[in-house]
1. For segment 57-108, what class follows from the C-alpha gyration tensor (a ≥ b ≥ c being the square roots of its eigenvalues): rounded when a/c is under 1.5, otherwise prolate if a/b is larger than b/c, else oblate?
2. What does the charge count near Phe12 come to, summing +1 for each Lys or Arg and -1 for each Asp or Glu among other residues with Cβ under 9 Å from its Cβ?
3. Report the local net charge at Phe196: Lys and Arg +1, Asp and Glu -1, summed over other residues whose C-beta lies under 11 Å from its C-beta.
4. Please give the direction-averaged projected area of the C-alpha convex hull for segment 1-153, in square nanometres with one decimal.
5. So how tilted is helix 213-223 from the main axis of the chain? Cα-based, degrees 0 to 90, rounded to 10.
6. Using alpha carbons only, how many degrees (0 to 90, rounded to 10) separate the axis of helix 190-210 from the longest principal axis of the chain?
7. Which trypsin sites (Lys or Arg not before Pro) in segment 40-104 pass both tests, a DSSP loop state and at most 11 other beta-carbon atoms within 10 Å?
8. Compute the long axis of helix 71-103 from its Cα atoms, compare it with the longest principal axis of the Cα atoms of the chain, and write down the angle in degrees, 0 to 90, nearest 10.
Amino acid sequence: MSQESERGERFFLYFPWLILVTVIASFGAKAVFDADGLPPLTPLHHFHAVAMLAWFFLFALQPTLIHSGRVSLHRRLGQFSPLIVLAFIGFAIPISLLNWGRMGDPLIITANGVNLTLFLGLYISAIVYRRRADTHKRLMTYATLTLMGPAFGRIPEIFDQSPVLAVPFVFGYMLAPLVRDLIVRRSIHPATGIGFAILFAAIPVILGLSGMEGWASFLTSVLGPPAGGV
């Protein structure tokens, strides 16, 4: 393997672990330093947290297994990944409904719905391209980044700052694979370009829908009025 290839592979080896650490640190810090800001926790929240953490851990572990030559174990664990996906989505839906009933915030439920839809699309595409490692790992990376909104959102909450503080983290992580490609490949891999474009385009869609009065009325008609009204 050339020096350039080794440098490029180190990114896909360590970036997933950075994502895992970010998730653990942001939610952990929220629980320790801003516990009063947490919603009422139920067993459902704990099951959801375990299922999500299982996904982030699997995502971090898989490239490490490839790097260490344990390809067979990588494939076996990959075959179980749909079960983890079904679990965390199965818990995410009622959690989102609980949040809607408690807060009635169109932004949160819209972001959750859009991001879960994008995750499924990118995740399924990554499975389809599982035999093309260069495409597979990029699609899995951007699929996982669609799930990072709640973690990034906890950062400004911890410091009692505007949600805008999360924006640099969102864009920084979204841009990282693209910058890596430009540095190492001298061009953007198609899967990187598609992944970045999808996540970038989702931002105005989420914000635009969330700010529409008609969308809030539609959510209320489908999900019911929140406890405190919209």
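1. Prolate, because a/c is 1.5 or more and a/b exceeds b/c.
2. +3
3. On the way: positive: Arg138; negative: Asp181.
Summing Lys and Arg as +1 and Asp and Glu as -1 gives 0.
4. Seen from a random direction, the Cα hull of segment 1-153 projects 9.8 nm² on average.
5. 90 degrees
6. The two axes meet at around 10 degrees.
7. When the trypsin sites (Lys or Arg not before Pro) of segment 40-104 are filtered for loop state and at most 11 Cβ neighbours within 10 Å, nothing remains.
8. Helix 71-103 and the main axis of the chain meet at about 20 degrees.
All of the numbers you see were taken from the coordinates with simple rules; none came from a lab. Predicted model, so just to flag it, every value in this text is computed and none were measured. Virtual Cβ from ideal backbone geometry, glycine too; neighbours counted across all protein chains shown.
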